[in-house]
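Enquirer: Before anything else, here's the structure in question.
Computed from the coordinates by the stated procedures, all read-outs in this text should not be read as laboratory data. Just so we're clear, the structure is a prediction, and the values are computed from it rather than from any experiment. Cβ atoms come from the backbone with ideal geometry, glycine included; neighbour counts cover every protein chain shown.
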Amino acid sequence: MKTTFTTIIALFLLSLGVTAQIDRTKQPKPGPAPTIHLGKTKSFELKNGLKVIVVENHKLPKVSATLRLDNGPIFEGEKAGISSIFGKMIGNGTNSISKDEFNERLDFLGASFNIGSQSAGINTLSKYFPEVLGLIADAIKNPLLTQEEFIKQQSLTVQELSADENSVEAISGRVQNILGYGLNHPYGEFTSEASAKSVTLEDVKAFYETYFIPNNAYLVIIGDVNYKKIKKIVKKQFGDWKKGALPAYVIPTVENVAKTEINFVNMPNAVQSSIALLNAVDLKMGDPDYIATRLASKIFGGGGDARLFLNLREDKGYTYGAYSRFGNNQRTATLIKSFASVRNMVTDSAVVEFIKEIKIFRDTKVTDEELKNAKASYVGNFVMALEKPATAARYALNTVTRNLPKDFYETYLQKINSVTIDDIQRIAKKYYTAEQTRIVIVGKAIDVLPNLEKLPYTIRYFDKQGKSTGKPEMTKPIPAGITKETVINNYFEAIGGKDMIASITSTMTVYETEINGAKVIMTEKRTATDQLINMTMNGSIVMKVTANNKGVSLNGNAIPPALAKEMTALGTFTEFSILNNTNSSLSSIEMVDGKEAFVIKTTGENINSAIYYAVKTGLKIKLAQSTKMGGRTQNESVTFNDYKAYNGIKFPTKMTRNMGPQKMSFTLLEVKINEDVSDADFK
């Protein structure tokens, strides 16, 4: 034991000595680009047109196979959604084996399997590969497409579409494609509930017969196989797959706008604006510019160290992330897309910063450091990706289907390292533009349009289906005789009656939520002159706020008077404070989740808030608040739902708080009225 311990100490001290000899103030010099070996490919073609590529690799007893249908974009028209429904149906058994038997057999063989409307893939041990390939061939040639499964997948598709209608991100993505490509383009059309419901099982079968054909398919097999043997197996399994003829189709041309414009979609429920700047370009993987565009995109908006992120998040604090992507399509135009979700109040400022960054990127050269980091990132990702069999399969397919030089991937790293700073600026000037940019914004019109209208761009308006519309109605007129006092009195009547509310001397509410598995309890006590909010996590106090006319204290520390004054909303109900606040006023009628709501806004130097009261019920349904503190602005929204009476007074039993990407759902545990509250609570 003594010898072992002494040896360990010696090795430890030796390692310290070695470490001390390394100068860690200097970044290690990069070595030469590693040599890339994807493996030698062999290929053959069956009589039905199926093209097969085989790469032997005997390092491990594993095999992967990838089937890809090289159909290109498919325009579905009035049946948009058919490929999605078909993709969910195929692979659920065959005409000769049930879904359960099919899956059980694959599990028994230890194989992973995936299949969609235009591709399929498997991974398995080499000794089981012939049988697994036979199962997959059966699934491809004889898919079990039943009415029962069709109804199930069609219903799920419709449900997913319905859920997306309230998602700003989903609507933004849809409208970007519609406006960027056009509704008559395969990438611009979208699946609606109506189009999904119009699809029939016969449509699905016809889609399969038309597009799932061998003469437009590639099968790539990589791993521990023998070429001659695998050639016989493939012929046996796929030789009877019937060929077909693809319908003739010309993909429409994609055009940019003649002059930069804003395309706006109103989403009254949006707590953030989704912004995307789009430019259509023609670029193929085989183009000489391709590699340089990858590095340019990385520098401009490819992550946390890119220019957009450093500006809009790190410097301005407008968003949790700003990015840019430079796609590539073989048969049609691709979009350069720069995007972010930002706070409503800075939507216009974010647009200005996006345009500014594009102009800087075009007009000034990137730094040595930026280019070096971008290259290092791409080299690292490329080398790591090569460890996956699916990567090698994809590269082999790309080489054939995208007309790439045979050594495209073998020399990929050399091509990356040969890109210069001048190349990046040339790419920026050629592909990035601030003059013909389509700026798609999905957001809350009443909050963002007044400032967007100050920008030097034409604004065009669209609905959630990408159809041109008029300017959205910003507010509804407030009926004559309705005032702030009217709305609050209606609220008091709705929760129990104005006289009952006036008789209350104290309230206590206890709400519960969960954060990262920890139980959080929020207790709030109120009187006419004092307020306490106490928050515990797993029984330990993590926050205590007390407030009265003298000020606000957070965990025993006084809040600055100016901020404290705006934070204070005393009274058994906050509405009493609003009634007496001269900075509060009834501003408008807006829509909240499909409900008309009166909006009472309170403005201040540090805090601006809006409280929404349902026109129909009088109940408070939402609070939106913006707070400036420490040079930062924090946005928060709270929705109130499922009111229930306690001692004759209604309280919301569900509260959902949204603060940036964080969402907390609170459930009401307890309510006390005129009991369990004393002066000692507020000390």
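Enquirer: Sort the following peptides by mean Cβ neighbour count (other Cβ atoms within 10 Å, averaged over residues), highest first: 437-443, 280-286, 376-382.
Expert: 437-443, 280-286, 376-382
Enquirer: Past 31 Å, Cα to Cα, is the threshold; run LYS359/LYS406; LYS88/LYS242; LYS42/LYS298 against it and keep the listed order.
Expert: LYS359/LYS406; LYS42/LYS298
Enquirer: Oh, and also: Along each of the three principal axes of the Cα atoms of the chain, give the extent in whole Å, ordering the values from largest to smallest.
Expert: 91, 76, 60
Enquirer: Provide Rg and Dmax in Å for segment 317-438, with only Cα atoms included in the calculation.
Expert: Final numbers for Rg and Dmax: 17.4, 52 Å.
Enquirer: If you don't mind, there's one more thing I want to ask. Using packing as a proxy for protection, rank 387-394, 156-163 so that the peptide with the highest average count of other Cβ atoms within 10 Å comes first.
Expert: 387-394, 156-163
Enquirer: Further question: When the distances between all Cα atoms of segment 294-338 are binned every 5 Å from zero, what whole-number percent does each bin get?
Expert: For segment 294-338, the pair-distance distribution reads 6, 26, 26, 17, 12, 8, 4, 2.
Enquirer: Which of the residue pairs LYS316/LYS430; LYS205/LYS471; LYS51/LYS127 have a Cα-Cα distance greater than 32 Å in the structure shown?
Expert: Pairs exceeding the cut-off: LYS205/LYS471.
Enquirer: While we're here: Largest first and in whole Å, give the semi-axes of segment 245-343's equivalent ellipsoid, each being the square root of 5 times a Cα gyration tensor eigenvalue.
Expert: Square roots of five times the eigenvalues give 29, 20, 11 Å.
Enquirer: Could you give the dipole magnitude of the chain about its Cα centre, charging the beta-carbon of Lys and Arg +1 and that of Asp and Glu -1, in debye to the nearest 20?
Expert: 2120
Enquirer: How large is the helix-only mean residue ellipticity at 222 nm for the chain, computed as the sum of -39500 (n - 2.57) over DSSP H runs with n ≥ 4, divided by its residue count, in deg cm²/dmol to the nearest 500?
Expert: Taken over the chain, the calculation gives -10000 deg cm²/dmol.
Enquirer: Still on this model: Straight-line reach from LYS672: which aspartates and glutamates have Cα under 15 Å away, leaving out those fewer than 8 places along the same chain?
Expert: The reachable aspartates and glutamates, counting only those whose Cα sits under 15 Å from LYS672, are GLU524, ASP681.
Enquirer: Which three extents, in angstrom, do the Cα atoms of segment 484-682 have along their principal axes, listed largest first?
Expert: Rounded to whole Å, the extents work out to 41, 41, 36 Å.
Enquirer: Quote the Stokes-Einstein diffusion coefficient, in whole µm² s⁻¹, for segment 261-469, based on the Kirkwood radius over alpha carbon pairs, a temperature of 20 °C and a viscosity of 1.002 mPa s.
Expert: This corresponds to a translational diffusion coefficient of 116 µm²/s.
Enquirer: Once Lys and Arg get +1 and Asp and Glu get -1 on their Cβ, which of PHE354, VAL487, GLY631 lies farthest toward the positive end of the dipole of the chain?
Expert: Result: PHE354, furthest along the dipole toward the positive end.
Enquirer: OK, next. Order 297-305, 474-482, 582-590 from most to least packed using the mean count of other Cβ atoms within 10 Å.
Expert: Ranking, from highest mean packing down: 297-305, 582-590, 474-482.
Enquirer: Moving on to the next point. Could you tell me how many cubic angstrom of Cα convex hull volume segment 236-299 has per residue?
Expert: 319
Enquirer: Which one, GLY110, ALA393, ILE478, projects farthest toward the positive side of the charge dipole computed for the chain from Cβ point charges (K/R +1, D/E -1)?
Expert: About the Cα centre, the residue reaching furthest to the positive side is ALA393.
Enquirer: By DSSP, what percent of the beta bridges with both residues in segment 261-469 are antiparallel, rounded to the nearest 5?
Expert: 70
Enquirer: Here's something else I'd like to know. Rounding to the nearest 20 debye, state how big the charge dipole of segment 296-441 is about its Cα centre with +1 on each Lys and Arg Cβ and -1 on each Asp and Glu Cβ.
Expert: Approximately 500 debye in magnitude.
Enquirer: With +1 on the Cβ of every Lys and Arg and -1 on the Cβ of every Asp and Glu, and nothing else charged, how large is the dipole of segment 497-560 about its Cα centre, in debye rounded to the nearest 20?
Expert: Dipole about the Cα centre, nearest 20: 160 debye.
Enquirer: Now for a separate question. Any idea which of ALA258, ASN557, PRO288 is furthest toward the positive side of the dipole for the chain, if Lys and Arg beta-carbons carry +1 and Asp and Glu beta-carbons -1?
Expert: The residue sitting most towards the positive pole is PRO288.
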